[in-house]
1. Restricting attention to segment 181-200, does a residue exist that is of a type in the set (Ser, Thr, Tyr), within 20 Å of the chain's Cα centre (by Cα), more than 18 Å from ILE93 (Cα to Cα) and not assigned by TED's automatic domain parsing to the domain that holds ILE93?
2. Looking at (1) modelled with pLDDT of 95 or more; (2) exposed (fewer than 11 other Cβ atoms within 10 Å of the Cβ); (3) polar (S, T, N, Q), can you tell me which one THR137 breaks?
3. Identify, please: which residue in segment 154-206 is in a loop (DSSP other than H, G, I, E, B) and of a type in the set (Ser, Thr, Tyr) and is, among those, farthest from GLY7 (Cα to Cα)?
4. For segment 175-190, which residues satisfy the criterion of being under 12 Å from CYS56 (Cβ atoms) and not aliphatic (A, V, I, L, M)?
5. Can you run down the residue pairs with Cβ atoms below 7 Å, 6 or more apart or on separate chains, where the first is in segment 77-89 and over 10 Å from LEU103 (Cβ atoms) and the partner is surrounded by 14 or more Cβ atoms within 10 Å (Cβ to Cβ) and acidic (Asp, Glu)?
6. Restricted to segment 71-90, and to residues that are farther than 30 Å from GLN39 by Cβ and basic (Lys, Arg), which residue is surrounded by the fewest Cβ atoms within 10 Å (Cβ to Cβ)?
7. Go through (1) modelled with pLDDT of 95 or more; (2) over 22 Å from LYS9 (Cβ atoms); (3) not polar (S, T, N, Q) for LYS215 and report which single condition fails.
8. Restricting attention to segment 48-65, and to residues there that are part of a loop (DSSP other than H, G, I, E, B) and touching a residue at least 40 places away in the same chain (Cβ under 8 Å), which single residue is farthest from LEU105 (Cα to Cα)?
Amino acid sequence: MDTTYFGRKFGLMVFMDNTTRTVLYYAVVSHETNSAYKQGVDHLASLGVDVQSITCDGRRGLRTLFISTPCQMCQFHQMQIVTRYLTRRPKNIASIELRGLALDLTQLNKADFIEHLDYWYLTHEDYLNERSTNDDTGKTWYTHKRLRSAYRSLRTNSDWLFTYQECEQLDIPSTTNSLEGLFSELKRQLHSHHGLNERRKLRFIKDFLASKSLK
């Protein structure tokens, strides 16, 4: 499940079945919220859909809403988070190595990833904890805030970056790439119909999603 936006006017929250690649449910939303995702999953359950697992973008607090359902954070989203903090071309060795570890997510299992992350932390702990000082006020702050945020993100999310390996029998996707592909296809088709007003655009989107749903 994931959400994509069409300008600033509205977003589209979509729930897709990984096996059949069909759209199970969608909602037009103004904002992406955990409660909207919960409502979507509850709606599917009310229809008798057996939700065996969830792959999502890792929104804070989302996993706690589905404690009885295996949840996988999209590994690609995690890579994007780290890149957003460190850029595609980080300058210092600690950032270069941490981004490299994030890019290796798909090649590692959980135990190896944690081992590598622990080693990175022990190697760069002093650098990570460096502080800067305002000479006038004496106030201090962490010098490498973005690096700390990238590390904290990997550490915090490590528990649900490898659910797909821990529940192999469920064939859980490790990313939301199939859904991203659906969004890309939809936006390409919309682009070829440039100039639609909002009402017609919504009609087009609904017809597109209907064609991707089980008949």
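The values are calculated or read from the model by the stated rules, or taken from the named source; none is laboratory data. Everything quoted here is computed from the prediction, not taken from an experiment. All Cβ positions, even for glycine, are placed from backbone atoms using ideal geometry, and neighbour counts span all protein chains on display.
1. Step one: filter segment 181-200 for residues of a type in the set (Ser, Thr, Tyr), giving 184, 192.
Among the residues that remain, those that are also within 20 Å of the chain's Cα centre (by Cα) are: 184.
From what's left, more than 18 Å from ILE93 (Cα to Cα): 184.
After this cut, where a residue has to be not assigned by TED's automatic domain parsing to the domain that holds ILE93 as well, the list is 184.
Yes: one or more hits.
2. Failed condition: (1).
3. Pass one, segment 154-206, residues in a loop (DSSP other than H, G, I, E, B): 161-162, 167, 171-176, 192-197.
With of a type in the set (Ser, Thr, Tyr) added as a condition, the list becomes 174-176, 192.
Values: SER174: 28, THR175: 24, THR176: 21, SER192: 16 Å.
Looking at residues that are in a loop (DSSP other than H, G, I, E, B) and of a type in the set (Ser, Thr, Tyr), I get SER174.
4. Within segment 175-190, THR175, THR176 meet the criteria.
5. That search, which allows pairs on different chains as well, returns HIS77/ASP57.
6. Checked segment 71-90; the qualifying residue surrounded by the fewest Cβ atoms within 10 Å (Cβ to Cβ) is ARG88.
7. Every condition holds for LYS215 apart from (1).
8. Start the filter on segment 48-65 by keeping residues that are part of a loop (DSSP other than H, G, I, E, B), which leaves 48-53, 57-62.
Next cut, touching a residue at least 40 places away in the same chain (Cβ under 8 Å) only: 52-53, 57-58.
On the way: GLN52: 23, SER53: 20, ASP57: 15, GLY58: 15 Å.
Result: GLN52.
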